[in-house]
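The values are calculated or read from the model by the stated rules, or taken from the named source; none is laboratory data. Bear in mind the structure is a predicted one, so any value in this text is a computation, not a measurement. Quick reminder, even Gly has a Cβ in these numbers, built from the backbone with ideal geometry, and neighbours come from all protein chains shown.
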Amino acid sequence: MSFLAAGGLLTPFPVLRDSRHTVLFAVTLENQRTVRRALIDVGTNSVKLLVADVHASHVDPVIECSEQTRLGCGFYHNMRLTTQSVARTAEAVAQYADKARALGAVHVRVVATSAAREARNTDHLQSAIRESSDIEIEIVSGADEADLAFRGVASDARLAGRPLLVLEVGGGSTQLVMGRLPKPSFRESISVGAVRLLESIGPAEPPCATDLDRCENAVRSLLSRDAAPRLRNALSACAEAPVAVAAGGTASVLASMELGLTEFVRERIESVCFDRSGLRRWVDRLWTLPVAKRREIPGLPPERADVIITGAAIFAGLMDCCELPVLRISTRGLRFGALIDQNAWQVPPRCDVANET
């Protein structure tokens with residue numbers, strides 16, 4: 001008999017296994033539609049873990065972790081993942097997979113986004129994670145990444161039934177998605193992200209006004225060339241104005257900085273709304289400080305002190321180009337969306353179970 005922590009209690013649940021001791025199916029006796037799942041998100045900047053009890057579209061997080069492995073470090077000049085970044089990432093995935101299994105997750109799913117899907121040597125990353133974790137990673141397309149981010153944000157009960165415009169800024173790409181569940185009416189994945197833009201701009205230390213100008217011009221050029229005009233047209237055709245929501249690590253960090261939080265508190269982070277002037281104040285401040293001073297800002301993880309300047313500039317550019325008066329913050333996104341993506345969990349890939357009884 002195995003045990004699953006549910007609502008602070010240890011609840012017994014039956015587990016069916018094949019000859020390789022692969023978990024095929026598990027349900028709690030208390031609620032046959034609730035299952036503990038784990039999602040590991042391999043991004044351009046960091047690897048993130050979400051272990052949660054999932055019931056239909058409701059996600060009850062058990063643990064959330066993040067480790068910056070910078071898979072996209074040095075990537076964009078030749079579109080090849082470095083040996084060092086692959087090794088860091090594979091090790092982080094292995095550690096998170098072990099943690100998830102120890103917490104009773106019946107299936108561990110690993111998805112990879114921008115850097116992995118664009119790399120010429122993605123097979124190196126796949127092999128490294130297969131060897132370290134015995135898990136096959138899924139490389140998601142930009143469109144699928146956008147859809148998962150939208151589903152995740154829309155899982156917030158406070159947004160139920162409302163039209164949404166989700167802006168998710170990642171390390172290598174930015175997703176714009178608008179509409180309602182079950183299928184958004186507009187989605188776009190743009191090749192601009194906090195790590196990609198930082199490596200492209202190569203700002204001085206500390207950044208100067210010319211660096212900020214180059215950054216904002218690059219963002220404006222990418223958005224105005226294609227995505228922003230189409231999005232503005234889609235917005236003008238909406239019968240009801242959508243709620244604009246920012247998702248992703250940069251969004252949560254900006255909210256934490258606004259509140260001066262030194263620990264993750266979902267309810268407080270998701271209470272934050274930025275208007276254009278409020279976000280612009282952060283952009284202007286961040287781009288005048290050296291990285292050492294940025295590391296001292298409450299709410300800003302020290303390891304993100306370099307990429308926060310470009311991430312904030314992308315969000316400011318999005319608000320300007322899309323003429324958004326207010327942007328609220330969500331801590332839910334791709335990981336939440338992937339956990340409630342029922343079709344993806346029908347046949348779990350092979351993985352060993354850490355604790356057996």
Pick from region 283-311 the residues that are among the charged types (D, E, K, R), free of Cβ contacts under 8 Å to residues at least 24 places away in the same chain and part of a loop (DSSP other than H, G, I, E, B): which of them is nearest to Gly260 (Cα to Cα)? Glu296
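Looking only at residues in region 42-84 that are of a type in the set (Gly, Ala, Ser) and in a loop (DSSP other than H, G, I, E, B), which one is farthest from Val307 (Cα to Cα)? Even if it seems obvious, please write down each step before you answer.
First, the residues of region 42-84 that are of a type in the set (Gly, Ala, Ser): 43, 46, 52, 56-57, 66, 72, 74.
When the remaining residues are screened for being in a loop (DSSP other than H, G, I, E, B), the result is 43, 56-57, 72, 74.
Numbers: Gly43: 14, Ala56: 35, Ser57: 32, Gly72: 12, Gly74: 14 Å.
The residue in question is Ala56.
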Could you tell me which residue of region 113-124 is nearest to the chain's Cα centre (by Cα), considering only residues that are in a helix (DSSP H, G or I) and within 30 Å of Leu254 (Cα to Cα)? Ser114
Every pair of residues 6+ apart whose Cβ atoms lie under 6 Å, when the first sits in region 71-92 and is in contact (Cβ under 8 Å) with a residue 12 or more places away in the chain and crowded, with 22+ Cβ neighbours inside 10 Å while the second is of a type in the set (Val, Ile, Thr) and in a loop (DSSP other than H, G, I, E, B): Leu71/Thr44; Gly72/Thr44; Thr89/Thr69; Ala92/Thr69
When region 266-299 is examined, which residues are found to be crowded, with 19+ Cβ neighbours inside 10 Å and among the hydrophobic types (A, V, I, L, M, F, W, C)? Ile269, Val272, Phe274, Leu279, Trp282, Val283, Leu286, Trp287, Ile297
For region 125-146, name all the residues that are among the hydrophobic types (A, V, I, L, M, F, W, C), part of a helix (DSSP H, G or I) and closer than 29 Å to Gly179 by Cα. Ala143, Ala146
Unique residue being at pLDDT below 95 and within 15 Å of Val243 (Cβ to Cβ) when the list is Ala160, Ala149, Ala227: Ala160
Output for region 154-207, where each listed residue is part of a strand (DSSP E or B) and within 30 Å of Val291 (Cβ to Cβ): Val166, Leu167, Glu168, Val169, Thr174, Gln175, Leu176, Ser189, Ile190
Matching residues in region 215-267 (assigned to a loop (DSSP other than H, G, I, E, B) and either of a type in the set (Ser, Thr, Tyr) or more than 19 Å from Glu64 (Cα to Cα) (or both)) number 8
May I ask you to list the residues in region 212-232 that are free of Cβ contacts under 8 Å to residues at least 40 places away in the same chain and not polar (S, T, N, Q)? Asp213, Arg214, Ala218, Leu222, Arg225, Asp226, Pro229
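Inspect region 341-352 for any residue being at pLDDT below 95, β-branched (Val, Ile, Thr) and in a loop (DSSP other than H, G, I, E, B) and give the result as yes or no.
Checked region 341-352: at least one residue is at pLDDT below 95, β-branched (Val, Ile, Thr) and in a loop (DSSP other than H, G, I, E, B).
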Out of all the residues in region 182-215, which are surrounded by 14 or more Cβ atoms within 10 Å (Cβ to Cβ), of a type in the set (S, T, N, Q) and over 17 Å from the mean Cα position of the chain (by Cα)? Ser200
